[in-house]
1. Taking the full set of protein chains and a 1.4 angstrom probe, give the accessible area of Lys76 in square angstrom, rounded to the nearest 10.
2. Of the accessible area of region 40-116, with the probe set at 1.4 angstrom, what percent is carbon plus sulfur?
3. Assigning unit charges at the beta carbon (Lys, Arg +1; Asp, Glu -1) and nothing else, what dipole magnitude in debye, to the nearest 20, does region 40-101 show about its Cα centre?
4. Residue by residue through region 70-75, what is 3J(HN,Hα) from phi via Karplus (6.51 cos²θ - 1.76 cosθ + 1.60, θ = phi - 60°)? Round to whole Hz and write x for glycine and proline.
5. For a quick check: with amide H placed at 1.01 Å from N, whose amide H comes under 5 Å from Asp79's, ignoring anything fewer than 5 positions away on the same chain?
6. Just grab the label-to-label distance for Lys26 and Thr43, each label 7 Å out from Cα along the Cβ direction, in nm (one decimal).
7. What FRET efficiency would be calculated for the residue pair Arg92, Ser69, taking the C-beta separation as r and a Förster radius of 25 Å, to the nearest 0.05?
8. Taking a cut-off of 29 Å between Cα atoms, list the lysines near Lys26, but don't count ones fewer than 8 places away on the same chain.
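The values are calculated or read from the model by the stated rules, or taken from the named source; none is laboratory data. Every value quoted in this text rests on a predicted model; they were computed, and no experiment measured them. Don't worry about glycine lacking a Cβ; one is built from the backbone with ideal geometry, like all the others, and counts go over all protein chains shown. These accessible areas exclude ligands, DNA and RNA; they are computed on the full protein's heavy atoms, side chains included. Shrake-Rupley method; radii C 1.70, N 1.55, O 1.52, S 1.80 Å.
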Amino acid sequence: MMKRIIGHQAMALMMVAVLALAGCAKPVPADKHDYVGLWESATMSLRITADGRVEYKHQPSASSSKSLSAPIKAFKGDDFVVGVGPMETTFRVSAVPHRDGGSWKMTVDGEELVRR
């Protein structure tokens with residue numbers, strides 16, 4: 001009985017720690033402010049908030065999709081790393097946010113996105 005109580009306490013403590021880490025987004029640095037916004041293509045949606053959170057969905061086909069909701073851990077050059085603890089993914093930015101005619105565009109992971 002005592003082992004089960006300690007096990008539940010340890011699990012609860014671990015869940016609190018994970019939730020606390022998940023909320024630890026750092027604001028987007030001033031030199032990366034152009035990244036902030038909702039970026040979309042036909043198969044991808046990427047929301048980057050000023051407070052450093054990312055909401056990502058990629059659906060290249062009807063039977064395949066990926067999604068992620070996590071804080072930005074760091075910017076590495078033009079790329080940005082998103083995740084919690086040891087779980088992370090790097091978004092490769094081959095064209096930084098820029099004006100193209102009347103639209104803002106950025107290329108992430110090989111896909112051209114337009115800011116909405």
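1. Estimated to the nearest 10 Å², Lys76 gives 130 Å².
2. Details: 2060 of 4290 Å².
With neighbouring chains kept in place, the figure for region 40-116 is 48 percent.
3. Working: 8 positive and 7 negative charges, 19 e Å.
For this selection, approximately 100 debye.
4. Using θ = phi - 60°, the values come out as 6, x, 6, 8, 6, 9 Hz.
5. Under 5 Å from the amide H of Asp79 lie the amide H atoms of Val93, each far enough along the sequence or on another chain.
6. 3.3
7. Numbers: r = 19 Å, r/R0 = 0.77.
After rounding, the FRET efficiency stands at 0.80.
8. Lys57, Lys66, Lys73, Lys76, Lys105
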